[in-house]
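The structure appears right after this line, and notes come after that.
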Amino acid sequence: MNALPWLHPGRVALLEGALAERILVIDGAMGTMVQRHRLEEADYRGERFAGGFDSRHPGDGEGHDLKGNNDLLTLTRPDLIAGVHRGYLEAGADIVETNTFNSTAVSQADYRLQHLVRELNLEGARLARACCDEVEARTPGRPRFVAGVVGPTSRTASISPDVNDPGFRNTSFDALRDDYRVAVDGLIDGGADILMVETIFDTLNAKAALYAIAEAFDARGGRLPVMISGTITDASGRTLSGQTAEAFWISVSHADPLSVGLNCALGAKELRPHVETLANVSGCFVSAHPNAGLPNAFAEYDQTPAEMAGMLGEFARSGLLNLVGGCCGTTPDHIRAIAEAVEGLPPRPVDARSRRPATEVTA
């Protein structure tokens, strides 16, 4: 990837300049904000899908409930999704993530909407781009950036879904690569400044995404910055596919990412040692956007904005962060508090990092 020129050198210069000056703020949870609207089936369908199928592609999506398909709201309720983006931007976010976490054929197959993958990514990026441009126009000295989100899918290339058949796989590297390529092309064409491969629980899935990104860049003769964010699934300190944070970095460092980090699954307190590991070993910027604590018995997140901001402010004072935001359970109030907590604190100096050779890393 590194041999190719930037597709949008002016935007990259702005991004690199901002990263050199301060800790950048990533937005918070999309799903949390969507849930607040208590949407029903009709909201997800809008006019286009009101007849029980996609009016532009008769037969597709027929006979399936669409409620819960939050990515589809980009097409059927763009006003709602734009409102979420604006809420986070006005709370202090420098980077907003596209509403494309499940905009892959694997995930959309649950709704028989695989044909929408390119459109979902294209329009998701366009919508986020318009919101960023709108807010940036009001504050021209502070650029806002669109991170085109590439989610993990609901399948894992490394682990069998059948405990009785450990050799079985319900997907493959090539199938994931092909799926991701459609999504990536849509995000780039829609105007994303950055591509973010996030919530990575299986590094092989991430490698397929990174391969698809590299193919897309090669085809265009240019590249975008790439952010990579894994997820530590429990107190073991490992991803679902068994890697420590350090081993995860070594596995994805070949992609020459803008940043590596962790998000989801854990709250800031539980995530801290693993973020510190990445800060000590990685050769790029470091990000963290944890959940608002751990879920309670009702699968809700109780951590207040002040509590979360206090913890992440300590991350920043300890020199661990270049980018920070929130995942599940976070709201514009959380992002506003986090932005205030890190304001004026110096970003982690990338040239001051220490890194051990890969031969010393154990999975």
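The values are calculated or read from the model by the stated rules, or taken from the named source; none is laboratory data. Keep in mind it's a predicted model, so treat the numbers as computed, not measured. Virtual Cβ from ideal backbone geometry, glycine too; neighbours counted across all protein chains shown.
Here the condition is being of a type outside the set (F, W, Y), more than 15 Å from I95 (Cα to Cα) and crowded, with 22+ Cβ neighbours inside 10 Å; of L345, L312, L323, L294, it holds for L312 alone. For segment 92-119, the set of residues classified as assigned to a strand (DSSP E or B) and of a type in the set (V, I, T) consists of I95, V96, listed by residue number.
Of the residues G148, G186, only one is under 24 Å from G222 (Cα atoms) and either part of a strand (DSSP E or B) or hydroxyl-bearing (S, T, Y) (or both); which? G148 is the lone residue from the list that is under 24 Å from G222 (Cα atoms) and either part of a strand (DSSP E or B) or hydroxyl-bearing (S, T, Y) (or both). In this entry, T199 passes the filter for residues that are within 17 Å of the chain's Cα centre (by Cα) and part of a strand (DSSP E or B). Scan segment 250-272 residue by residue and report those that are closer than 18 Å to D27 by Cα and of a type in the set (S, T, Y). Selection gives S259 alone.
Considering (1) under 30 Å from R138 (Cα atoms); (2) surrounded by fewer than 23 Cβ atoms within 10 Å (Cβ to Cβ), the lone condition that G46 does not fulfil carries the number (1).
Residue by residue, here is whether (1) of a type in the set (S, T, N, Q); (2) within 30 Å of A18 (Cβ to Cβ); (3) touching an Asp or Glu at 6+ places or on another chain (Cβ under 9 Å) holds:
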residue: D79; (1), (2), (3): no, yes, no
residue: D110; (1), (2), (3): no, no, no
residue: V117; (1), (2), (3): no, no, yes
residue: G141; (1), (2), (3): no, yes, no
residue: G151; (1), (2), (3): no, yes, yes
residue: P161; (1), (2), (3): no, no, no
residue: L187; (1), (2), (3): no, yes, no
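For residues in segment 238-282 being of a type in the set (G, A, S) and out of contact with any strand residue (DSSP E or B) (no Cβ under 8 Å at 6 or more places or on another chain), which is farthest from R223 (Cα to Cα)? Only one residue tops the list, namely G242.
Would you check if there is a residue in segment 264-281 being under 14 Å from the mean Cα position of the chain (by Cα) and either surrounded by fewer than 24 Cβ atoms within 10 Å (Cβ to Cβ) or within 16 Å of E198 (Cα to Cα) (or both)? Yes; the residues of segment 264-281 include at least one that is under 14 Å from the mean Cα position of the chain (by Cα) and either surrounded by fewer than 24 Cβ atoms within 10 Å (Cβ to Cβ) or within 16 Å of E198 (Cα to Cα) (or both). Among the criteria (1) surrounded by fewer than 22 Cβ atoms within 10 Å (Cβ to Cβ); (2) in contact (Cβ under 8 Å) with a residue 60 or more places away in the chain; (3) closer than 20 Å to A209 by Cα, the one G261 does not fulfil is (1). Part of a helix (DSSP H, G or I), touching a residue at least 24 places away in the same chain (Cβ under 8 Å) and under 26 Å from L24 (Cβ atoms): is that true of A247 in this structure? When the stated conditions are applied, A247 does not pass them. The set of residues in segment 262-309 being over 19 Å from T331 (Cβ atoms), of a type outside the set (D, E, K, R) and not in a strand (DSSP E or B) consists of P273, H274, V275, T277, L278, A279, N280, V281, S282, G283, C284, A297. Taking the criterion of being more than 18 Å from T277 (Cβ to Cβ) and assigned to a strand (DSSP E or B), the residues of segment 202-237 that qualify are R223, V226. On the given criteria, is R142 assigned to a helix (DSSP H, G or I) and basic (K, R)? Here the answer is no, as R142 does not meet what is asked.
Taking the criterion of being surrounded by fewer than 22 Cβ atoms within 10 Å (Cβ to Cβ) and basic (K, R), the residues of segment 131-158 that qualify are R138, R142, R155. Out of all the residues in segment 1-24, which are within 17 Å of F217 (Cα to Cα) and touching a residue at least 60 places away in the same chain (Cβ under 8 Å)? M1, N2, L4, P5, W6, L7, H8, R11, V12 - these are the residues of segment 1-24 that are within 17 Å of F217 (Cα to Cα) and touching a residue at least 60 places away in the same chain (Cβ under 8 Å).
Take the residues in segment 241-265 that are at negative phi and in contact with an Asp or Glu (Cβ under 8 Å, 6 or more places away or on another chain), then tell me which one is modelled with the highest pLDDT. Checking each candidate, the answer is N263.
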